[in-house]
Structure formats: C-alpha cells, structure tokens
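The values are calculated or read from the model by the stated rules, or taken from the named source; none is laboratory data. Since the model is a prediction, treat every value here as computed from it, not as a measurement. Every residue, glycine as well, gets a Cβ built from its backbone with ideal geometry; the counts of neighbours run over all protein chains shown. SASA here: full protein model, heavy atoms, side chains in, ligands and nucleic acids out. Shrake-Rupley method; radii C 1.70, N 1.55, O 1.52, S 1.80 Å.
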Amino acid sequence: MIPDKAPKEDVFHGSEDLKKEAHITSFENYKELYMKSIENPDEFWGDVAKDFFWKTKHTGQFLDYNFDVTKGEIFVKCMEGASTNISYNLLDRNVHERKLGDKVAFYWEGNEPGDELTVTYRELLQRVCQFANVLKSQGVKKGDRVSIYMPMVVELVVAMLACARIGAVHSIVFAGFSAESLCERIMDSQCSLLITADGFYRGDKLINLKLLADEALQKCRDKGFPIEKCIMLKHLSKEAEETSLGSQSPPAKRSCPDLQVPWNPEVDLCWHALVRGASDECEPEWCGSEDPLFILYTSGSTGKPKGVLHTVSGYMLYTAATFKLVFDYQLDDVYWCTADIGWITGHSYITYGPLANGATSVLFEGLPTYPDVSRMWEIVDKYHVTKFYTAPTAIRLLMKYGSEPVQKYKRESLKVLGTVGEPINPEAWQWYYNVVGERRCPIVDTFWQTETGGHVLTPLPAATPMKPGSATFPFFGVVPAILNESGEELEGPSEGYLVFKQPWPGVMRTVYGNHQRFETTYFKKFPGYYVTGDGCRRDKDGYYWITGRIDDMLNVSGHLLSTAEVESALVEHEAVAEAAVVGRPHPVKGESLYCFVTLADGVTYNRTLEAELKKQVREKIGAIATPDYIQNAPALPKTRSGKIMRRVLRKIACDERDLGDISTLADSSVVEQLFQNRCCTAV
Ligand code: WTA
C-alpha cells in the first residue's frame, strides 16, 4: 500500500515553482486521489471520460473484467455500449469545441538541422480527413487491418489517425525492422494494405524503405498471402508536391532525387496523387468502446511476436490521463518525446496522449548524435521544450561526452524530464537530474509495457519525492503486488514477481488472433493477477524498484527482444546446429546480445561465418537484434534432461566464475571449455 506520508530522507524533489501550477500538488493529494481511483474506479474514470465526446453513452458497468483463469475467460471491458471516435476526440473536438485549431500540434524537425515543418490542429484534421477518404476509396473498411511502415514524419501520424477515423485497425511496424519481420506481422494480422515511404536518412545513413517494403510484400506473396495495395509517400525522392492544402510533405533539405525507388504499377499507389483528389471532410465512423484501435507487435518468449491489441475508449482515457498527470501537462507546454512512433511509447505519448490533451509536441526524425551530440539540447532551445521524455540508453550515450555539449545550450524552458524503457541506473539518473535538468526538473521514471498501454508505475512530478532508479508508486487505478514463487502476496519490503491485481482502462485486451496465448502469457502463472514478466523490489518506504525481466527476454537499448527469436534466426543458418543467446550488461545499451552457437558437423568457425550469422539475424529481425558477441560453442551446458542452463551461460558471457549450484549439469567440462574460449571483443 501507499504510505500515508512520503519519506523525507534520501529523496529528491522538483522545484517549488512546479507545484504552483501542478494538477497534483502533494503526496497527500496523490494518495487521496489514488484511494478514490481504486475504491471507486467507475467514478474516477467517469470523471476523466467527461472531457471527451461520446456519440452514445455507455450502459452497464464502467469497467468490467475477469482476471482469474480458473473462473473462465479473461476479459476487460471499459464503457461497453458507448460509441465514439478517437480521431474525432483528438482533432475535431480540439479544433471546434476547444478552439485550438490554430494551435501547433507538431513541430516536425527532420534528420537534417533546418529541415522543419509546423502543423496546426486544423491542418492535421484536414489531412487526416483527406487520407481517411483515400483509405476509403481504396476499399478499406471498419475492422480492416492496415500495416504502416514509415519513418518519423507527420504523415505517419496522419496515416494512423486516418485509420482510426474510419475504424480500421493500424499495425505499425518500426521502420528499423527487416523485410522478414514486416512480412511476418502483415501476415499475422492479415493486413489488406501497406503504407510506406520511399526512404529516409538516419544520421548519414540512407535507408531505402520501399525496397524493404517490396521485399516484404514479395515474401508475403511467396507464402500465399498476396497483398495488393501499397501506398508510398515520397519523402526523399521528390520535392514536396502541392495539394489543395499546400505542401504535403516536408521540404526535405536533404532530398535525394537519385534514390532508386522500385515501382510496381499493379500494386503501388502514390500518396500525393491520391491525396490531391481527396476531400478534406470525412464523417468519422462511430466505433464501439471495445472495438479494436490498433495492433502493435511485441517480442514473445516463444520467439513469435505477439500482436498486442488495444481498444478505443479505454486506451483513449488512459493515455490522455497519464499524459496529463505524469507530465503535468499545461496548455502552453511544448512537449517532446524522442521515441519512435513504431514503439508503444510513440503510439501513446507522441500521438494519442498528447493530441487528446491538445498539446504541442516536437516530432523528431533524427538521432541524438547527428550531426553532433548537442542535437537534443539544440532542439530543446529551438522550440522552448518544457517537458522532455527519453530513454536511459540515450542518456547513457550522451553522458559519455560529458556535460559540455549539454551546457552549450541554455535549456531554461525545461520543467519536467521523463524516462522509459528500462531501469535507469542511478548514475545516469543523477546526470540527467544534475546536468540536463540543473536540479530544477523532477524526473518521472515511468514503468510500463506495450501491454499496459500507458504508464503504470510512475512518480507525479510535483507530488512524488523521487529516488534515483525507482519508478516509485502506481498510477491511478493501478494496484500492484509482489508475489513469491508460490504466488503468495508479499507485504512490506520484499522482492519477487511484479503483478497487477485489477485492470485499468488502458490494459491490452488480447493477443490478436490468439486469445489463448494472451491468457497463458499473462494470467496463467498466478491466477487472478496480470503478470508483467518483470522482477520488482519494494523498499521500506513502499517504493517500487524494477529489477529487470525474469523471463527469456532481453532489453537492448530499451527494446525488448526474445532470446528465442534471435536463436531461431541463428539456427536457420545451415552451419548452425544449436544456439543459445543471453544478455550481457552493456554500458550504453543496457544489455548486449551474447550468442553461443554450436556448429553442424564438419563446419569450421571463422570470420566469414561470423559475419554471415550477424547478417542473418539482421535480415530476419532487424538491426536492433544484431549480435554483439558470437562464441563458437562445441557444446552447451545442459541439465541431464537436456535443458540449456542459461544462468550458466550468462556467467560465462560476463566472465564470472561464481556459478552457484551446478549439480544438475550433465557435463561440467563443457563449462570450462566455454570459459577458455570466451569472446572478449564484440563482433
Ligand atoms: C522495461 C516500453 C524499468 C520492463 C514502454 C518492461 C522498464 C519492458 C521501464 C516493456 C522503467 C520499461 N523501469 N523497466 N521505467 N520502462 N521497462 O513493451 O522490463 O517495449 O516489461 O514497453 O521494458 O517494454 P515495452
């Protein structure tokens, strides 16, 4: 439970100024509202819902659910019977009711400094309507799945909201994923259309995205799933084309007229040509509260990604409320989340949460280190960013260059800093707090998952005293518990499995097309609880500290990867008989991939093979999964029943000789051999 009083020692606070305007001004204030939110969730969320437009009101219970597999099917329903449209609430409501039409929705900042564009709420509404009409003209209907594979451009937001406007379900695939990954996701969600772009720059590197998209579509065809339509945005290959609304694509300073864009007239459609003829008015499709809004794939421990499904009303309420309270959003804020929209952080906290509040955001296409390591702070000063949200891996990366590149810029506008993606190590926290925020800005360390839809454990900036490295306390409506291996709830200071006891509006509803997998993954181990898969410690003051994943999942640069997925990519190479992948701590990425491979008979290990294996993983999954270390392992440490002892492999990867109990090991000489042939340098 939440303590009555916040601790006074060993904690950090934000500035007093923040308290003056904050929504939640004190710990007592937080606690009081928190109690209300869990004792009477219907009333709490009902108040949040009042800010939104409902075509029809809900009937029955506000939040209905079953979290206990022993009592039947798992379900969560929020505001059943109500109908609404999320794009209407994000755009029309802000333009017409709240009179925010001229307010900037996005400052788009391209990869290249100087490449910029401003989009107001009114313009965004018009562009979303136009593109919604385009989708309709291409036969996309309510409930159809649309795959989106795009760089960080305004049109990505336009495409997702256009889907939402007509009740189509978007499935965004991060543009860093490979053609194979895209194909797998298109097929799993049975998408009828793909939206992509010609290409983009990541720093100096040109990515020909259309080439990858085409490769993915060919793979789909080869596997018997022809997808007949692909809409391509010209982001680089041609200067912006004029439409009735003026320039539709950013005036890319670094355009690339020579980019070779493959074009298949039978399948490919030009975004600009389609939009040119489309009306900028489009009546929204009124959707039921529990209609699907989007699918987003996340790694699963079996290796096959899971299509996490979120639905309309609950997700809207939850992202709106968390955005408002966790960043303490105020009308004149300029907010910047550096995540990519291809991940859940971008879905919830670049598109849905901020727009639901009528916020002004920076949408950044580039990298924190391009053209130099001051880029982030330059952007903060350029747009007077007040609330800034990034990942520990980015902080650690920039920390390496010291404080000078940060201090070249003033950063006076900053009020709140946020982090997400993995536990932040106290050293990085201190640097973020002292150097970036100059001890003035509280840090909201937000713990959440693709599955949770929004923040679940998090400080509130003016209310929660911070402890570096702790995600502190639950958000409203969220009831965490810590369980031991036998599923007993632990009280007071303790460590174990982090679970949640009841739903909140934004929790996922199912794994697309596989409800059983949803139940097995999250509800089977401890009936009655949603199991996060993370370990957690609670200290004497009741603060929660995430200790990391306790399943076969790795967190590389804030992105979850399943060891099984990387292993299966490796064993697909004919030279590999068996593979085992473990995480090895990495100073910037958090974890790096250390791969043990047992080769097929007669194959010898050499640099060429190593390079091929690396390439294989990149092609199967994407660059984020590139192995950092590959070790030739003539044999792997296994139990007598043949189970690979990953715990031992993790020790070998780190060169730690203290192996603990290895009595179940079938052949202990294998371990010594692996220690002797450790891979000391990254491949
Ligand atoms: C980890 C990202 C500690 C955690 C929003 C979780 C964190 C996984 C934090 C979800 C944090 C995320 N402190 N760990 N503040 N935020 N994680 O689905 O292991 O990409 O289960 O969602 O990231 O990653 P996902």
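Just a few scattered comments:
- Pick from the range 291-345, criterion within 23 Å of residue 171 (Cβ to Cβ) and touching a His at 6+ places or on another chain (Cβ under 6 Å), ranking: surrounded by the most Cβ atoms within 10 Å (Cβ to Cβ): 294
- Where residue 279 falls short, out of the listed (1) outside any strand (DSSP E or B); (2) under 20 Å from the mean Cα position of the chain (by Cα): (2)
- Scanning the range 32-70 for residues that are in contact with a Phe, Trp or Tyr (Cβ under 9 Å, 6 or more places away or on another chain) and either closer than 30 Å to residue 412 by Cα or of a type in the set (D, E, K, R) (or both) yields 36, 42, 43, 55, 64, 68.
- Subset of the range 114-163 (residues that are open to solvent by 20 Å² or more (accessible area, probe 1.4 Å), more than 17 Å from residue 350 (Cα to Cα) and of a type in the set (S, T, N, Q)): 126, 133, 137, 138
- When the residues of the range 546-559 are filtered to those that are buried (at least 20 other Cβ atoms within 10 Å of the Cβ) and within 9 Å of the ligand (Cβ to nearest atom), the one that is farthest from the chain's Cα centre (by Cα) is 546.
- Taking the conditions (1) open to solvent by less than 10 Å² (accessible area, probe 1.4 Å); (2) of a type in the set (S, T, N, Q); (3) not in a helix (DSSP H, G or I) in turn, residue 181 satisfies each one other than (3).
- Lone unmet requirement of (1) in contact (Cβ under 8 Å) with a residue 60 or more places away in the chain; (2) open to solvent by 80 Å² or more (accessible area, probe 1.4 Å); (3) farther than 24 Å from residue 549 by Cβ for residue 610: (2)
- Residues in the range 511-538 that are at positive phi and within 20 Å of the chain's Cα centre (by Cα): 533 alone.
- Residues considered: 576, 571. Of these, the only one that is more than 25 Å from residue 447 (Cβ to Cβ), open to solvent by 50 Å² or more (accessible area, probe 1.4 Å), away from the ligand (no atom under 14 Å from the Cβ) and without any contact (Cβ under 8 Å) to a residue 40 or more places away in the chain is 571.
- Which numbered condition residue 618 misses (of (1) open to solvent by 20 Å² or more (accessible area, probe 1.4 Å); (2) part of a helix (DSSP H, G or I); (3) farther than 26 Å from residue 340 by Cα; (4) at pLDDT 90 or above): (3)
For every residue, the table says whether it meets (1) at positive phi; (2) among the charged types (D, E, K, R).
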{"position": "320", "(1), (2)": "no, no"}
{"position": "327", "(1), (2)": "no, no"}
{"position": "332", "(1), (2)": "no, yes"}
{"position": "353", "(1), (2)": "no, no"}
{"position": "358", "(1), (2)": "yes, no"}
{"position": "368", "(1), (2)": "no, no"}
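- Test: residue 503 is open to solvent by less than 10 Å² (accessible area, probe 1.4 Å), closer than 24 Å to residue 49 by Cα and either modelled with pLDDT under 95 or more than 15 Å from the ligand (Cβ to nearest atom) (or both): yes
- Annotation: residue 190 fulfils all but one of (1) outside any loop (DSSP other than H, G, I, E, B); (2) on the phi > 0 side of the Ramachandran plot; (3) not aromatic (Phe, Trp, Tyr); the unmet one is (1).
- Residue selection: residue 536 fails the criterion of being in contact with a Pro (Cβ under 7 Å, 6 or more places away or on another chain), at pLDDT 90 or above and surrounded by 21 or more Cβ atoms within 10 Å (Cβ to Cβ).
- Per this entry, residue 37 is counted among residues that are in contact with a helix residue (DSSP H, G or I) (Cβ under 7 Å, 6 or more places away or on another chain) and not aromatic (Phe, Trp, Tyr).
- Close contacts from the range 422-436, counting a first residue that is of a type in the set (A, V, I, L, M) and a second that is within 15 Å of the ligand (Cβ to nearest atom), with Cβ to Cβ under 7 Å and a gap of 6+ residues or different chains, come to 424/392; 424/445; 424/469; 428/392; 428/395; 428/396; 436/417.
- Per-region count, the range 422-471, residues in a strand (DSSP E or B) and more than 10 Å from the ligand (Cβ to nearest atom): 2
- Enumeration of residues in the range 1-51 that are aliphatic (A, V, I, L, M), open to solvent by less than 90 Å² (accessible area, probe 1.4 Å) and either part of a loop (DSSP other than H, G, I, E, B) or in contact with a Cys (Cβ under 6 Å, 6 or more places away or on another chain) (or both): 2, 6, 11, 22, 24
- Positions within the range 363-398 being of a type in the set (D, E, K, R) and open to solvent by 10 Å² or more (accessible area, probe 1.4 Å), in sequence order: 365, 372, 378, 381, 382, 396
- For the range 399-421, the set of residues classified as open to solvent by 10 Å² or more (accessible area, probe 1.4 Å) and not in a loop (DSSP other than H, G, I, E, B) consists of 399, 404, 405, 407, listed by residue number.
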